[in-house]
1. Pick from A:A428, A:A436: which is in contact with a Gly (Cβ under 7 Å, 6 or more places away or on another chain), among the aliphatic types (A, V, I, L, M) and in the same structural domain as A:A498 (by TED's automatic domain parsing)?
2. Sort out which residues of segment A:414-439 are of a type in the set (V, I, T) and in a helix (DSSP H, G or I), and write them in order of number.
3. Tell me, which residue of segment B:247-287 that is touching a residue at least 24 places away in the same chain (Cβ under 8 Å) and closer than 15 Å to A:F122 by Cα is farthest from the other protein chains (Cβ to nearest Cβ)?
4. Restricting attention to segment A:72-123, which residues are surrounded by 22 or more Cβ atoms within 10 Å (Cβ to Cβ), under 16 Å from A:N57 (Cβ atoms) and facing chain B (nearest Cβ under 8 Å)?
5. Restricting to segment A:43-82, count the residues that are in a helix (DSSP H, G or I) and in contact (Cβ under 8 Å) with a residue 24 or more places away in the chain.
6. Just to check your reading of the model, which residue among A:T40, A:T30 is assigned to a helix (DSSP H, G or I), more than 8 Å from every other protein chain (Cβ to nearest Cβ), over 30 Å from C:K100 (Cβ atoms) and among the hydroxyl-bearing types (S, T, Y)?
7. When only residues in segment A:342-371 that are small (G, A, S) and over 30 Å from the mean Cα position of the chain (by Cα) count, which is nearest to A:I563 (Cα to Cα)?
8. Somewhere in segment A:151-172, is a residue within 10 Å of chain B (Cβ to nearest Cβ), in a helix (DSSP H, G or I) and either within 39 Å of the chain's Cα centre (by Cα) or not small (G, A, S) (or both)?
Amino acid sequence: MKRIGIALGIAAIVAIPWIWSEAHSLKLLTLLGIYILLATGMNIVWGLAGQISLGQNGLYAIGAYASGVLTAKLSLPVLLAVPAATLLGGLAACVIAMPALRVKGFYLAMISLGFGILVQTFAKEWASVTGGVQGLENIPSPTLRTLQVGGWRVTLTAYYYATFLLAGLGLFVASNLIRSYWGRAMAAVRESEIAAAAQGIFVGKVKVAAFVIGGMYTALAGALYAHQIAYVSPEAFDVDMAVLILIMPLVGGLGTLWGPAVGAVIFLALPELLRGLWQYNLLIYGIILTASFTLFPQGVIGRLRRRGQTKPVQAVTLPKAEVASTQRPMQSGQPSLIASGIGVRFGGLAALDEVDLELHPGRIHALIGPNGSGKSTLVNVLSRIYTGYQGTIQINGASVDGLRADQAARAGLARTFQNLRLFTDLSALDNAIIGAHPKFHANIVACMAGTRRAHQEEARERATIVALLDTFHLSARGTMRAGDLSYGDQKMLELARAMAKRPGLLLLDEPAAGLSGVEIDMLRKAICAAAADGVAVLVIEHNMDFVMGIADEITVLDAGRRISQGLPAAVRGDKRVIEAYLGSTVEDAGGEPPSAPRTAERMVEAPLASAMGGESA
Amino acid sequence: MLQLLVSGLAVGSIYALVALSYNAIFRTSQVVNFAQGELLMIGGLLTVGLYTWFGMSIWLVFPLGVGLAVVVGLLIERLAVRPLHGKGAGAHGWIVTTMGTGIIIRAAAFIAWGSRDAPMPKYLGGGRVVHIAGVAVSEDEILVIVAVLAILALLELVNRYTILGKALRATACDQEMARLVGIPAPRMVAASFALGSGLAAIGGILLTNVAVSSPYMGIDIGLKGFAAAALGGLGSPLGGVLGGLIIGVAEVLGAFYVSSAIKDAIALVLLFALLMLRPAGLLGRDVIEKV
Amino acid sequence: MSAHRIGRAAAILAAAMTMLTAGSAALAQDAVLKIGFVGPYSGPSAEYTEAGKRAVTMAVDEFNAAWKGKGFQAELVEKDDVSNPTRGINAVNELVSRDKVIAIMGPVNSGVFKPTIPVTTEAGLLHLAWMGQDTEFTRPVAIPNVFRFAQPNFAQAKQLASYMAKKKGLKRIGVIHDNTAYGKPGAAEFIAELKALGVDAVGDESFNQRDTDLTAQLMKLKQANADSILVWAIGNDQATVKRGMLKLGMDVPLYGANSMVSLGFWTVLGDMAKNTYTTYFDTYAMDTRTPNANAFAQKYFKRYGNDKYYGPGKDPYFYLVAPAQAYDAINATLKVAVEVKGDPKKMVAAMQALRDFPGVLGTVSFTPENHDAYGTASFSILDVGPQGPRLLETYKY
């Protein structure tokens, strides 16, 4: 059915020049194709990868000038110049990508705005190449009947078809990208960079990829524009253009495939309908932008879509051999992780001080201690989110002190977060599949082209992850938006996401917090199953029942120091541990205590002892 | 050379003032108002327009100019910033909406102002030139530099030693917490917008005194003012002033010794370089995110 | 996405496309002579658009009154190009394809006019540069369909260079210009003319429009001991140059292209406008005026009173030349249109055959080589003082 819709659309595009064959209409429609490319490129950078770039007009200019100069001044054939301009745009996009690696949000917005202005300034000053303020003229163009391809003169109609062919190709590639693991990785980066890194996604690389791809789309649009209009000058690429590039995907539907195209149609038609002074046009753009996030945050396409579908995810049956193995290589005997002498300081505060820890495959190691004792900090250090620390860490015998968080994840380390860091806008299934990111190997070009191998890999992993979600009883809500799930489901989803990469090391930060009794049961089963499979597990928890129930070994932290370590029975009786949780004991105070405190102490001591799994009072 | 320095400081003072206006808003609301340049512009335009074509006295037009900017600033807060609170759109939300309001203001100014020309009002000094140490300094340049330093001092005093200042800073750190302590956070945010708009309008008035007024006035200076604020470290008023003066001087020196073509580019290149090396800015503090 | 929604999206797309192109109606075959008028309606050059529009509206009303019921009516189709070449090209495209005009006046800015030339040439449409002063429009070769009713840059450059170097003996001229398609080539032509007279400019500085501080550029010229400054820029930026000069104590004369004759310049500067000069049509400077010039001034005053182009006095002031250019351009066009009965394909040839047309600013004749309406004989040097421009002396290079 979908194919029928697309076929109809293609038929319409092919038929139109026969109905409206005037030059003006053809030029306008060609501009539509160009705008579709522009909007789609911006959508990849902003909608998909979440990088707000206000400098795409600079890349538009670079594409236009590059192709214009190559053909008008160097007499290169247009079939060489346009691809060259496209590649140049991708390269130039790296310039905006660089600050994007360091800064976010409004910093990036302002810098990219500055980039666009810089390109304009360049175009004005570098007159020997660009023609400066007087512009670059005599660009081979169908409008002036000067565009030739292989000896054949290109007509306006042919140019129109060529542009729409490229626009269609662009949409096809974008569709493949969005649905591939690369596209998911970009969406993950958009939702939470920290969580993305923890899934093995190299955030910097993904951002650069988004910028480069978006840049290529934009530059291609620029090259097509230059040849259509036969003349480029710096004014065409001013801030108003940056606004237009921004507003098209925004109104159409940020992050969707068809949103940019719809936006392109709207904003091509608007000046035509409004016929009035350009200033009134600008006023309307301003109003739309101001109202956008309050009135229609999802854009036109978002409104058309129905939200909150809860179709259960179809389990795709694949032959047994195809399903990716859930077995992990077991390395018994050798510790999975050795951390020695870990120390972390925040300003003057020592969050961790000389902490040692060892994790072994198949063993569940609990990390407990009062609030602020440094448990989360330790996990952050181990998962490489904090990189400034003293001491050494080894995973499977190899040092990981220089690794990034995503590299650690790819080395087999998975974790959950104390404050949930799900990719809230993505579906539950997508969240889990992103967890399996390190298992995907198809390169980005294959993903964009939609090769067989890429599709097969996708199908394989998908099947595996669906099965995984099943074990967590989440597959019924697989297509639901992660942010709409119940709290308990969300926590289980984070665990599923971590498990999806079939890790050798699993670090869980307060996984039981906020869970009901039934959910805690499920959690316990999942953790024990993982350990049975040979995973080395570290669990931070305050729930003593839970801890005593599953831990093979316990480490206790207090004020950044390790104050106790060993088997659960030993630790729970350790005076130092009790002291840390309750304050100083009677003995330390010295002298005969008044009777009231003794009673109180007994009242407290008994429940504590029982909670720690001791004999009932 | 000294002559250039003085010019640079005068130009930079306006950037500094704009940087202060960005900071005033950012410190309390964590929002960078993308319409800041336009607030400067309408404050300046209204003042010049009323003075020139209605012959009103400066004691009337200055407050009116500032007042208009403050009203518009409050509108921006109400329409473009407050509705986004808690919508989860993040920074992208208010970037787009404040940018939208800036565009509205600019378009409206174009429509209202049209193709008029306003004579240089000379309401702040008749352009008399004073010679100090062999350098020609015009009255209004001195005025601008002094005014900005005075405003900076005043702001710092208010921030550090008054309850209002502390309340504004508390809201900046944690809106929820501030509310719990009895500080009306939304009103504080609105107040910060009022303050920022007022400062921008003053900058606009100072600018109309030395330059030709037009609805285009706000675009470039908005960007350069932000560059100054970011250079100095967002959230640090002193840093913003420093950033503004640095950019102003760098521009003039660059135009003289290298080429006038790079004048506009300098602010941006400086910003680029700094944000790559030290994102927090010169006097800013690194923010550690709790994971 | 389901087919249902894709189909819907496709339908919306198709509907929108229909709306886009439905405006292109079938060919118009009335006796309405449609003339396009393109220019910026806001920004520093908007005053020229306004000047032209006032004159052209007056001319169209006169024409329609005279020709009512006699077979022809004129209609103006206006487009705003906001001084942006892309919008200018789009505007001209629309005028050519959709509005089906028989002639186009403008765009006003040279930088916007230039790229629209290929469009009108390809369509064979009459294209009038009633304000565009870029030399290339008519020299060295006349573009077949472009006719100019303005004071071309080359004439101004020659005039100023000759006056400054030969008549006033200024040898150390510092040049400063804005970074637009008007200022840059204009200044370059001036420097070339100077060189042809054996004089080298002592500096060539540029600035961006609306830049508020030109200290660096002016200081360089001051250090080069300039004995005069020539500025080639639009609008109020010229005032910024003058202010900057005064601040640095540069007490030397400032010369400018005819863009200096703009209301903005001397109202903005007031007293500070002393010692500033330019070149301009002297039609309204002379004590005795041609009958056509008088007639136009009277008609204009009757309709518009003391507006910014007529000036405050009883006598029209220099700026009335701007509307007059447009007036001549459209009247010549309408005359030619009546001759060819509104056939757009014959307009160009008919215009080129125009001989001895009685314009306000001079008698207009075109030849295949010369598409400049006013030749170069009627410019003079004006003193742009605090009271506005006054004739300084008549001069011909």
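The values are calculated or read from the model by the stated rules, or taken from the named source; none is laboratory data. Computed from a predicted structure; not experimentally measured. Neighbour counts are summed over all protein chains in view; Cβ atoms, including those assigned to glycine, are modelled from backbone coordinates with ideal geometry.
1. On the way: A:A436 fails: in contact with a Gly (Cβ under 7 Å, 6 or more places away or on another chain).
So the residue among A:A428, A:A436 that is in contact with a Gly (Cβ under 7 Å, 6 or more places away or on another chain), among the aliphatic types (A, V, I, L, M) and in the same structural domain as A:A498 (by TED's automatic domain parsing) is A:A428.
2. A:I433, A:I434
3. B:A267
4. Passing the criteria: A:A109, A:M110, A:I111, A:L113, A:G114, A:F115, A:I117.
5. First, the residues of segment A:43-82 that are in a helix (DSSP H, G or I): A:43-48, A:56-72, A:78-82.
Checking which are in contact (Cβ under 8 Å) with a residue 24 or more places away in the chain leaves us with A:43-48, A:56-69, A:71-72, A:78-79, A:81-82.
Of the residues in that region, 26 qualify.
6. A:T40 is the lone residue from the list that is assigned to a helix (DSSP H, G or I), more than 8 Å from every other protein chain (Cβ to nearest Cβ), over 30 Å from C:K100 (Cβ atoms) and among the hydroxyl-bearing types (S, T, Y).
7. The extreme case among them is A:G369.
8. Checking segment A:151-172: not a single residue is within 10 Å of chain B (Cβ to nearest Cβ), in a helix (DSSP H, G or I) and either within 39 Å of the chain's Cα centre (by Cα) or not small (G, A, S) (or both).
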